[in-house]
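The values are calculated or read from the model by the stated rules, or taken from the named source; none is laboratory data. For clarity, every value in this text was computed on a predicted model and none was experimentally measured. All Cβ positions, even for glycine, are placed from backbone atoms using ideal geometry, and neighbour counts span all protein chains on display. What goes into the accessible areas is simple: the full protein's heavy atoms, side chains included, and nothing from ligands, DNA or RNA. Shrake-Rupley method; radii C 1.70, N 1.55, O 1.52, S 1.80 Å.
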Amino acid sequence: MTATPAPPPAAGPASPQTSPAIRVRGLTKRYGSILALDGLDLDVPAGSIFGLLGPNGAGKTTTIRILTGLAAASAGTASVAGVEVGLDRPDLHRRIGYLDQDPRFYSWMQGRELLELTGRLDGVGGADLRAGVDAMLERVGLAEAARRRIGGYSGGMRQRLGIAQALLHEPAIVFLDEPVSSLDPEGRRDLLELIARLRGETTVVLSTHVLADVERICDRVAILDRGRLVSESPLEELLAGHARPIFRLLPEPDQDAAVQDLVRGLGAAEWCSDVTTGVGGEILVTVRHAAAASDRILPLVVGAGVRLASFERARPTLEEVFLELVGPPRPEDLDGRGFVRAREVGD
Amino acid sequence: MAGVGILLRKELLEQWRTLRLPLVAVVFGLIGLSSPLLARFTAEIVKAVAGDQFPLNLPPPTVADSVDQLAKNLNQLGALIAILIAASAVAPEKERGTAALILVRPVSRAGFLLAKLIALGVTFAVALVLAFAGWWFYTLVLFEALPIGGVVAAAVLDWLFLMAWVSLTFLASTLTRSTLAAAGLGVTALIVVGLLSIAPPLAAWLPIGLVSVARGLALGLELSDPWKPILGTVVLIAAAVALAWLSFRRQEL
């Protein structure tokens, strides 16, 4: 497991005609006066790797807990693989796999024994179970620790075991709540690769704070903030929708005079609002209308006789988009310790 | 109920690995072995300690004393052990999150509870078999042979008696996330049922009534109306288990 995960396709894998693997309508969850989820609407296409993002207290874990039948919604409906969600629904659980954000297991059990137990409960048996457990232990890097008691496992090993128990029975839909939070960089890379390989076969709902991981493997993302859906779209659309009118030009070295001419020419253009030079000779051109300007920059470059190493429209990172959408917390949203306060009913 | 057999196997393995089953079995075995000894030699020990200055006129011990000694030990220590073991059945699984690990799979909550209850029943059945086997043998050696059929029936009734406390504490364990709170509720139930047993019309229907029935069976005596405490205890167990299920199926994990 050393290869880099394949980049996500430009759009979600499911067409609009495909019925979603998960459908959520008006999902609301109240804990007393606290409003943890507020009328959430969501469609997760079958076979996609769906990132659920949001700051602490946004409602990601609450959403996953309701969709996995571990918590009950206060209002609204949701179906997973065509089954209406609710408490005590074995028919729902037959179709899903789940990894808790803080996976806990029976400390007296061996890692292998746990996978055998969960596999049997999920309907895997006999030779399939033995082969499946062996393969999964190998895939998550726990083959050597398989006969050790889980009580002696590190946090990272427990998380790997958690991934293994969630995937062993090849469920149609997998919910992974912060699946790589306890892993070292190598473990994180391996696990992301493992998740990326599920694309197209298994629907993965992935909740995480690590936006770089989402950019690496997710096709679609939903951003939650204080129980409300802020944005939901294919990742590429989200990033493109927030692209800024900035072009980044990187001239090849030793062309100082020509570059100076180019900078002067760009600065004089009426469609250009700002030109700056950055580290390594990079030129950042801020334009008034990106579509119109993109046709006019390159002729100026050619005219100035500048050879470019690269030319690209500046693309925001998911982190920049996330911060733009969610924004910094307002002072009135912070509690006395500086944490974002959960919303109360009526806020 | 799918998965009950798989979960029962896990529960029994857990009882064994966490030493609950071996410890309960050893304690009950010791109760069984020590009861006839205490019945047989307590009078002599007291006489020896009192000496000539306090002449005591104690009647010679009989096989009935052995039966009473076992009943006393099992009813007190056995009930407390039943409460302590049952308190840790569900509450810690909810608190630690292992209940969610199991119940996010195609297993009904009723099946989850049933596997635990059966495992508890097996644990106390094994413990009582050891206790009664040791007790019967030492009673044979020190007193006389008791009818096997009556002793087996008494053991079954003692198991039912312990399962009453197991069930009530099991209910408490499903209602809370704390083992300590569940044990506290179990002890409270023990005290409340004990107080209710003071009222004669009620006592005949409560688990405490099983003690005299078991005593009579072990000694081969004629019994009047033995079915009341059996029926009452079965109803109590069924009600506790039903309430545990009704509560647990609506709980968020």
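Determine which single condition B:Phe170 fails, assuming it passes every other condition in (1) open to solvent by less than 10 Å² (accessible area, probe 1.4 Å); (2) within 14 Å of chain A (Cβ to nearest Cβ); (3) under 19 Å from B:Val235 (Cα atoms).
(2)
Taking the criterion of being open to solvent by 20 Å² or more (accessible area, probe 1.4 Å) and in contact with a Pro (Cβ under 6 Å, 6 or more places away or on another chain), would at least one residue in region A:174-191 satisfy it?
There is no residue in region A:174-191 that is open to solvent by 20 Å² or more (accessible area, probe 1.4 Å) and in contact with a Pro (Cβ under 6 Å, 6 or more places away or on another chain).
Could you list all residues from region A:65-86 that are assigned to a loop (DSSP other than H, G, I, E, B), closer than 16 Å to A:Phe175 by Cα and within 11 Å of chain B (Cβ to nearest Cβ)?
Scanning region A:65-86 gives A:Thr68, A:Gly69, A:Leu70, A:Ala71, A:Gly86.
Within region B:6-28, can you find the residues that are of a type in the set (Lys, Arg) and within 10 Å of another protein chain (Cβ to nearest Cβ)? Write out each step before concluding.
Taking region B:6-28 and keeping what is of a type in the set (Lys, Arg), we get B:9-10, B:17, B:20.
Correct list: B:Arg9, B:Lys10, B:Arg17.
Criterion first (more than 30 Å from B:Phe137 (Cβ to Cβ), open to solvent by less than 40 Å² (accessible area, probe 1.4 Å) and within 14 Å of chain A (Cβ to nearest Cβ)) does B:Gly97 satisfy it?
yes
Tally up the residues in region A:277-303 that are surrounded by 14 or more Cβ atoms within 10 Å (Cβ to Cβ) and among the hydrophobic types (A, V, I, L, M, F, W, C), please.
Number of matching residues: 9.
Is region B:124-142 home to any residue that is crowded, with 17+ Cβ neighbours inside 10 Å and among the hydroxyl-bearing types (Ser, Thr, Tyr)?
Looking through region B:124-142, at least one residue is crowded, with 17+ Cβ neighbours inside 10 Å and among the hydroxyl-bearing types (Ser, Thr, Tyr).
Looking at (1) touching a helix residue (DSSP H, G or I) at 6+ places or on another chain (Cβ under 8 Å); (2) modelled with pLDDT of 95 or more, find the lone condition where B:Leu23 falls short.
(1)
Of A:Leu224, A:Leu229, which residue is within 24 Å of A:Leu27 (Cα to Cα), over 11 Å from the mean Cα position of the chain (by Cα) and open to solvent by 10 Å² or more (accessible area, probe 1.4 Å)?
Details: A:Leu224 fails: open to solvent by 10 Å² or more (accessible area, probe 1.4 Å).
From the options A:Leu224, A:Leu229, the qualifying one is A:Leu229.
Filter region B:30-53 down to residues that are within 12 Å of B:Tyr138 (Cα to Cα) and of a type in the set (Gly, Ala, Ser), then give me how many there are. Steps first, answer last, please.
First pass over region B:30-53, keeping only residues within 12 Å of B:Tyr138 (Cα to Cα): B:30-40.
Add one more test, that the residue is of a type in the set (Gly, Ala, Ser), and what stays is B:32, B:34-35, B:39.
So the count comes out to 4.
When only residues in region B:65-94 that are out of contact with any helix residue (DSSP H, G or I) (no Cβ under 6 Å at 6 or more places or on another chain) and over 20 Å from B:Thr188 (Cα atoms) count, which is least open to solvent (accessible area, probe 1.4 Å)?
B:Lys94
Whether any residue in region B:33-51 is under 30 Å from A:Asp122 (Cβ atoms), aromatic (Phe, Trp, Tyr) and outside any loop (DSSP other than H, G, I, E, B) is what I want to check.
No, there is no match, as no residue in region B:33-51 is under 30 Å from A:Asp122 (Cβ atoms), aromatic (Phe, Trp, Tyr) and outside any loop (DSSP other than H, G, I, E, B).
Any residue at all in region B:180-190 that is among the hydroxyl-bearing types (Ser, Thr, Tyr), farther than 30 Å from B:Leu140 by Cα and either in contact (Cβ under 8 Å) with a residue 60 or more places away in the chain or open to solvent by 60 Å² or more (accessible area, probe 1.4 Å) (or both)?
Looking for residues that are among the hydroxyl-bearing types (Ser, Thr, Tyr), farther than 30 Å from B:Leu140 by Cα and either in contact (Cβ under 8 Å) with a residue 60 or more places away in the chain or open to solvent by 60 Å² or more (accessible area, probe 1.4 Å) (or both), one finds at least one in region B:180-190, hence yes.
Can you find a residue in region A:125-138 that is open to solvent by 50 Å² or more (accessible area, probe 1.4 Å), assigned to a loop (DSSP other than H, G, I, E, B), out of contact with any helix residue (DSSP H, G or I) (no Cβ under 9 Å at 6 or more places or on another chain) and not basic (Lys, Arg)?
no
Here is a check on your reading of the model: is A:Val306 aliphatic (A, V, I, L, M), outside any helix (DSSP H, G or I) and open to solvent by less than 70 Å² (accessible area, probe 1.4 Å)? Before the answer, list the steps.
On the way: aliphatic (A, V, I, L, M): yes; outside any helix (DSSP H, G or I): yes; open to solvent by less than 70 Å² (accessible area, probe 1.4 Å): yes.
Yes, satisfied.
Given A:Arg94, A:Arg130, which one is within 14 Å of chain B (Cβ to nearest Cβ) and basic (Lys, Arg)?
Details: A:Arg130 fails: within 14 Å of chain B (Cβ to nearest Cβ).
The conditions single out A:Arg94.
What strands (runs of 3 or more DSSP E), lying completely within region A:215-270, carry at least 1 residues that are farther than 28 Å from A:Gly47 by Cβ? Give the steps one after another, and end with the answer.
Details: elements: A:220-225, A:228-234, A:246-251.
Filter on region A:215-270 gives A:246-251.
Where residues in region A:151-168 are open to solvent by 10 Å² or more (accessible area, probe 1.4 Å) and among the hydrophobic types (A, V, I, L, M, F, W, C), which of them is nearest to the other protein chains (Cβ to nearest Cβ)?
Checked region A:151-168; the qualifying residue nearest to the other protein chains (Cβ to nearest Cβ) is A:Leu168.
Looking at (1) open to solvent by 20 Å² or more (accessible area, probe 1.4 Å); (2) farther than 17 Å from B:Val235 by Cβ, find the lone condition where B:Leu160 falls short.
In the conditions (1) open to solvent by 20 Å² or more (accessible area, probe 1.4 Å); (2) farther than 17 Å from B:Val235 by Cβ, B:Leu160 misses (2) alone.
Quick check, is B:Ala119 closer than 20 Å to B:Ile83 by Cα and within 14 Å of chain A (Cβ to nearest Cβ)? Before you say what the answer is, go through the steps one by one.
Numbers: closer than 20 Å to B:Ile83 by Cα: yes; within 14 Å of chain A (Cβ to nearest Cβ): yes.
Yes: the conditions hold for B:Ala119.
Test of understanding: among B:Arg96, B:Arg105, which residue is basic (Lys, Arg) and touching a residue at least 12 places away in the same chain (Cβ under 8 Å)?
B:Arg105
Would you check if A:Arg89 is within 14 Å of chain B (Cβ to nearest Cβ), in contact (Cβ under 8 Å) with a residue 12 or more places away in the chain, among the basic types (Lys, Arg) and touching a Gly at 6+ places or on another chain (Cβ under 9 Å)?
yes
Look through B:Leu117, B:Leu37 and report the one residue that is touching a residue at least 40 places away in the same chain (Cβ under 8 Å) and over 26 Å from B:Pro207 (Cα atoms).
Answer to the selection: B:Leu37.
Can you tell me which residue is nearest to the other protein chains (Cβ to nearest Cβ) among those in region A:97-116 that are in a helix (DSSP H, G or I) and either open to solvent by less than 10 Å² (accessible area, probe 1.4 Å) or at pLDDT below 95 (or both)?
Taking region A:97-116 first, the residues in a helix (DSSP H, G or I) are A:111-116.
Narrowing the set further to residues that are either open to solvent by less than 10 Å² (accessible area, probe 1.4 Å) or at pLDDT below 95 (or both) leaves A:111, A:114-115.
Details: A:Gly111: 13, A:Leu114: 9, A:Leu115: 12 Å.
If we take residues in region A:97-116 being in a helix (DSSP H, G or I) and either open to solvent by less than 10 Å² (accessible area, probe 1.4 Å) or at pLDDT below 95 (or both), then A:Leu114 is nearest to the other protein chains (Cβ to nearest Cβ).
(1) more than 14 Å from chain A (Cβ to nearest Cβ); (2) part of a helix (DSSP H, G or I); (3) open to solvent by less than 60 Å² (accessible area, probe 1.4 Å): which one isn't true of B:Pro61, the others all being true?
(2)
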